[in-house]
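Let me begin by presenting the structure, written as structure tokens, before commenting on it.
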Amino acid sequence: MGARPLIIDCDPGQDDAIALLMAIASAEEFDLLGVTAVAGNVPLAKTEANARRVRDLAGWPELPVYAGCPRPMVRTPVTAEAVHGPSGIDGADLPEPSRTAEEVHAVEFLVQTLAEAPSSVTLATLGPLTNVALAIIKNPSILDNVAEIVAMGGAIGLGNVTPAAEFNIYADPHAAHVVFEAGVPLTMVGLDVTRQAIATPARIEAIRSLETAPAAAVCGMLVYYGAQTTTKYRHGPPLHDPCVIAHLLKPELFEGREMRVAIELAGEHCQGRTVCDVHGRSGAPNARVLERVDADGFFALLTERLARLPVATP
Ligand code: BDR
Ligand code: CA
């Protein structure tokens, strides 16, 4: 089988940055067509610049990065500097990016690429779903060319940004609704599974021992991110977004079930909640919801992929 055409939509974010590195290091499996950035963990100007910093770090400065939507569809914007730091990737200590972003808007890139792609394209989404939802609204026929969407977001159980909601869905619930109702194969990589992918000190040290610039940046980010989340996660920070890339590379590391997932759009306490119909009471499934990951297998895969990246930036 050839490499699978892939677009990554993201809001870097330390865990987004690590997911990007993992994907860039997987050239045999992925034909990475471009990276689209969206406002999320930090404002758009920072997420798109961070994506460009990461492509430089990975030794692929020509990888096209497209800036997308600077705010969600309906709700007031929310960001997460308290978790990710003012830059979004605090701890990485990366220089200014070498090149600018592409001139084309991310939504236009998604529409054009999906409309014209000779074979169907996989979408990996690591942030709020604004760019992808607007592309679908702009030209619904692009869905015919989407192989699948693998989305980090939501939870069967508790949220992280509110008791009920996970950040990516809460940050743009209306966009999430559009994507979850789009009728394409969708895998929800929610907190139930990503909270099992914990970067313990031993796992961080295994990455540090690679002694490369990307590995050092990953460890710096994990130490920072871990310190910010220590009251929630005592053993280390969860690697949410890299689970999306790991699932595309090695689905056998994960277990999940098909179910119907509805997005709570309003609600006094539950806006952005993914209402997961575990018991099949509300209609046909629209998502495969991941529930378990082999965490040792996940970190072995991550470490092995990071080892493929160049030792130092050119
Ligand atoms: C998600 O929100 C962000 O903080 C992370 O980058 C991840 O995509 C986890 O809720
Ligand atoms: Ca993210």
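Read-outs: derived from the displayed coordinates by stated rules, not from any lab. The shown structure was predicted, so the numbers you read here are calculated from the model rather than taken from an experiment. Backbone-built Cβ (ideal geometry, glycine too); neighbour counts: all protein chains shown.
General observations
- Contact order for the chain, expressed relative to its length and based on alpha carbon pairs under 8 Å spaced 6+ residues apart, stands at 20 percent.
- Antiparallel DSSP beta bridges within segment 4-306, as percent of all bridges there, nearest 5: 30
- Most mobile of Gly154, Gly190, Gly297 in a GNM of the chain (Cα contacts under 10 Å): Gly297
- The Stokes-Einstein estimate for the chain, based on a Kirkwood radius over Cα pairs and taken at 25 °C with 0.890 mPa s viscosity, is a diffusion coefficient of 129 µm²/s.
- Here the Karplus relation 6.51 cos²θ - 1.76 cosθ + 1.60, evaluated at θ = phi - 60°, turns the backbone of segment 200-217 into coupling constants of 5, x, 5, 5, 5, 5, 4, 6, 4, 5, 5, 6, 10, 4, x, 5, 5, 5 Hz, with x for every Gly and Pro.
- Judged by the ratio a/c of the largest to the smallest principal axis of the C-alpha gyration tensor, segment 42-198 counts as oblate, that ratio being 1.5 or greater while a/b is no larger than b/c.
- Residue-wise HN-Hα coupling along segment 190-196, computed from phi with Karplus coefficients 6.51, -1.76, 1.60 (Hz; x: Gly, Pro): x, 4, 4, 8, 5, 5, 8
- Approximate spin-label separation Arg257-Glu304, in nm, with each point projected 7 Å along Cα-to-Cβ: 3.0
- For segment 198-303, the equivalent ellipsoid derived from the Cα gyration tensor has semi-axes of 32, 18, 11 Å, listed largest first.
- Here the ratio of the Cα radius of gyration of segment 1-64 to 2.2 N^0.38 Å is 1.06.
- For segment 229-234, putting each phi into the Karplus relation 6.51 cos²θ - 1.76 cosθ + 1.60 with θ = phi - 60° gives couplings of 10, 5, 6, 8, 10, 6 Hz, in residue order, rounded to whole numbers and with x for Gly and Pro.
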